[in-house]
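Working notes for the structure below.
FYI, it's all coordinate maths here, none of it is from the lab. On a predicted model such as this, the values are computed, not experimentally measured, just so you know. Neighbour counts run over all protein chains shown; Cβ positions are idealised from the backbone, glycine included.
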Amino acid sequence: MTIKRIDHVAVVVENLAAALSVYRDALGLVVSKQETMPEQDVKMAFLPSGDSEIELLEPIHPDSGIGRYLARRGEGLHHICLEVDDLQATLAELKARGTQLIDETPRRGAYGQVAFIHPKGAHGVLIELLQRD
Ligand code: ZN
């Protein structure tokens, strides 16, 4: 298994417009895409930076997973996404090392196959693993 790069860093925010005034307007990052994904219960903005991007996530409903996360922990880092070359092999290797996984098998994400490592297995950080299509 090989970790290729940090694909994106996701930040959960109360209000996307307010967050864009910092990440886009003050920091000068450019929004490449902005969309509402009702099936994931988020409004999202994507701001590329070099070979990675920052994703801003605003929950639509307070009772969704990400809505509850925001209520419990407040705004801030939600997850880091690492791009891998072979997600199946990565999961098998992590499992063999005893890493606490949320997904033991890949599931479908927006850009390819994804799986999450539990924050308890990664010193408090939710890690998304992505194998792009
Ligand atoms: Zn992500």
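Tabulated data for the structure shown
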{"read-out": "Inverse of mean 1/r across different Cα pairs in the range 55-133, Kirkwood, Å", "value": "13.4"}
{"read-out": "222 nm mean residue ellipticity, helices alone, for the chain (DSSP H n ≥ 4; -39,500 (n - 2.57); rounded to 500)", "value": "-5000 deg cm²/dmol"}
{"read-out": "Lysine pairs meeting the criterion (Cα under 26 Å, 8 or more apart or interchain), as found in the chain", "value": "5"}
{"read-out": "Convex hull volume per residue for the chain, taking Cα atoms only, in Å³", "value": "110"}
{"read-out": "Label-point separation, Ile6 to Ala71 (7 Å along Cα→Cβ), nm", "value": "3.1"}
{"read-out": "Mean-position separation - Cα centroids, the range 79-125 and the range 1-77, in angstrom", "value": "19"}
{"read-out": "Mean Cα-pair separation over length for the chain, i.e. relative contact order, pairs under 8 Å, 6 or more apart, %", "value": "26"}
{"read-out": "Cβ-derived FRET efficiency at R0 35 Å, His123 paired with Asp85, nearest 0.05", "value": "0.90"}
{"read-out": "C-alpha long axis of helix 87-96 to longest principal axis of the chain, angle in °", "value": "60"}
{"read-out": "Sequence of Glu58, Glu75 once ranked by neighbouring C-beta atoms within 10 Å, starting from the fewest", "value": "Glu75, Glu58"}
{"read-out": "Fraction of beta bridges assigned by DSSP in the chain that are antiparallel (%, nearest 5)", "value": "75"}
{"read-out": "DSSP-loop GluC sites (Glu not before Pro) across the range 87-133, with at most 14 other Cβ within 10 angstrom", "value": "Glu104"}
